[in-house]
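The next block holds one structure in the form of structure tokens; read it before the comments.
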Amino acid sequence: MSQIAFIAYDNCLASSVSLASEMLSAAIDAQTPATRESLALPGIYGSRRKIHCAGGIEISTHAHPKTIADPDIIFLAAIWRNPLNVVRKQQYLIPLLQRWAANGTNICAIGSSSCLLAEAGLLDQKAATTHWTQLEKFKQRYPAVKIQKDFLITRSDNIYCAASINSVADLMIYFIESLHGKTIAQKVEANFSPEVRKSYASSLYIDQQHKSDSDEDMVRLQHWMRENFKQTISSAKMAQMMDMSIRTLNRRFKLATNSTPNYYLQQLKVEYAKALLKNSNLSIGDIAQQCGFCDASHFSSVFKRLVAITAGDYRSAVKAKLFS
């Protein structure tokens, strides 16, 4: 049974705890009754029984963070405005964070709570991000951190940073898939505003994978795919263009992106299709053609597999939220 804990403190944003917690709870609800009984809901921990959050919201905690024995995932709640006031009052967390990190716990800082990780030395010479309002101050206070201002999520070994509360949804889908499988993750994603989500992979900077010795051929191929994804593109065509066998193409692309060329291409097509479904009145068949699918049936199958709902249901969901 995985132990997942949220750590809250005065002046944190309750939404950074509630959104992630609700998504995890939804993942448990989506299980079969027998499996559901064996799973534990995430706990909220803090140095006080009542936490006074920004916006006048008060949340109750289950226990003190010192009582967390062997957590699998720790989430640090986002901090409203100046994070240093919270950092000064939460110094007891520093040795706890250091111990958890050393034991392999996945630790996720939301927004400017990344300052707590930096104070603990857990981001020295590692990639990190923080809320955009704190970027310059963060760089000045923690010069040893490799700040990635163009990425919403960073990962360095077992340390994660999500730049904003909106990025938490992307990160949560990743963790839910890891814990509960892809089918459950898709169900949760479909129920939490799928029209505004970005994929976890598109938001992520992984330390040790963004290096100068990356496969330049695969970088060029990705750029070409982004420019030409509306065409009908086969693996054979890409392999011929790169002057290599399909097997070599798949192997090198997988090493460079942790994806296959076909799956990467389908993601590009589906993201474009989502925009057309939201912003146009084109038929499903027309959208399939514009996205480079061979027919509407193939498009519908791929769309449902990647988004977990049909293209028609997706259009209904996003159109219902538009108003003039």
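Rounded to the nearest 20 debye, what is the charge dipole size of the stretch 1-137 about its Cα centre when +1 sits on each Lys and Arg Cβ and -1 on each Asp and Glu Cβ? Mind showing how you got there, number by number?
On the way: 11 positive and 10 negative charges, 91 e Å.
In debye, rounded to 20, the stretch 1-137 gives about 440.
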Practice task
Report, in whole Å, the centroid distance computed from the Cα atoms of the stretch 263-285 and the stretch 22-70.
Solution key: 37
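Cα-Cα over 27 Å: which of LYS66/LYS89; LYS182/LYS278; LYS187/LYS274; LYS50/LYS149; LYS66/LYS187; LYS146/LYS304?
In this structure, LYS50/LYS149; LYS66/LYS187; LYS146/LYS304 lie more than 27 Å apart at Cα.
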Practice task
Taking trypsin sites (Lys or Arg not before Pro) as candidate sites, keep only those in a DSSP loop with at most 15 other Cβ atoms within 10 Å, then name the longest stretch of the chain containing none of them.
Solution key: 231-320
Exercise for the section: May I ask you to compute the full-extension gain from SER316 to LYS254, defined as 0.36 nm times their residue separation minus their alpha-carbon distance, rounded to one decimal in nm? Expected result: 18.8 nm
Exercise for the section: With label points built 7 Å along Cα→Cβ from the Cα atoms of ALA144 and SER297, find their separation and express it in nm. Expected result: 6.1
Handout entry: Those aspartates and glutamates that a straight Cα-Cα span of less than 19 Å connects to LYS230, excepting residues fewer than 8 apart in one chain
Key = GLU271, ASP286, ASP295
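Just flag the GluC sites (Glu not before Pro) in the stretch 1-81 sitting in loop per DSSP whose Cβ has no more than 12 other Cβ atoms within 10 Å.
Numbers: sites: GLU22, GLU37, GLU58; in loops: GLU37.
Listed in order of number, the matching sites are GLU37.
Roughly speaking, what is the stretch gain from ASN103 to LYS182, that is 0.36 nm per residue apart minus the C-alpha to C-alpha distance, in nm to one decimal?
Details: separation 79, 0.36 × 79 = 28.44 nm, distance 2.67 nm.
Answer, rounded to one decimal: 25.8 nm.
Assuming R0 = 45 Å, what is the FRET efficiency of GLU37 and ARG81, from their Cβ-Cβ distance, to the nearest 0.05? Walk me through the intermediate numbers first.
Numbers: r = 42 Å, r/R0 = 0.93.
So, using R0 = 45 Å, E works out to roughly 0.60.
Of all DSSP beta bridges in the chain, what percent run antiparallel (nearest 5)? Display every interim value, and only then the final one.
Numbers: 9 of 30 bridges.
Within the chain, antiparallel bridges account for around 30 percent of the total.
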Handout entry: GNM top mover of ALA236, ALA78, ALA63 - the chain, alpha-carbon springs below 10 Å
Key = ALA236
Practice task
Excluding TRP132 itself, calculate the net charge of residues whose Cβ lies under 14 Å from the Cβ of TRP132, where each Lys or Arg counts +1 and each Asp or Glu counts -1.
Solution key: +2
Problem - Charge-dipole axis of the stretch 4-206 as Lys and Arg at +1 and Asp and Glu at -1 on Cβ define it, positive-most pick from PHE175, ALA118, TRP100 - result: ALA118
Practice task
Please give the net charge around ARG305, taking every other residue with its beta carbon less than 15 angstrom from that of ARG305, where Lys and Arg add +1 and Asp and Glu add -1.
Solution key: +1
Problem - Pair MET241, LEU282: separation of 7 Å Cα→Cβ label points (nm) - result: 1.9
Problem - Dipole-positive endmost among ASN228, ILE246, LEU265 within the stretch 219-298 (Cβ charges, Cα centre) - result: ILE246
Completion exercise
Between the Cα axis of helix 216-228 and the main Cα principal axis of the chain, the angle (0 to 90°, nearest 10) is 70
Fill in the blank from the handout: Here the net charge surrounding GLN90, from other residues whose Cβ is less than 13 Å away from its Cβ (Lys, Arg +1; Asp, Glu -1), is +2
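State to the nearest 20 debye the size of the charge dipole of the chain about its Cα centre, where the only charges are +1 on K and R beta carbons and -1 on D and E beta carbons. Please list the in-between numbers first.
Details: 37 positive and 27 negative charges, 70 e Å.
Approximately 340 debye in magnitude.
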Problem - Unit charges on C-beta of K, R, D, E only; dipole of the stretch 216-319, Debye - result: 220
Fill in the blank from the handout: Computed over the chain, the relative contact order (Cα-Cα under 8 Å, seq sep at least six) in percent reads 13
Practice task
Would you mind finding the longest exposed-site-free stretch of the chain, with exposed chymotrypsin sites (Phe, Trp or Tyr not before Pro) meaning DSSP loop and at most 14 other Cβ atoms within 10 Å?
Solution key: 93-322
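Computed from the coordinates by the stated procedures, all read-outs in this text should not be read as laboratory data. Since this is a predicted model, take the numbers as computed values, not measurements. A quick note on method: Cβ atoms are made from the backbone with ideal geometry, for glycine too, and the neighbour counts reach across all protein chains shown.
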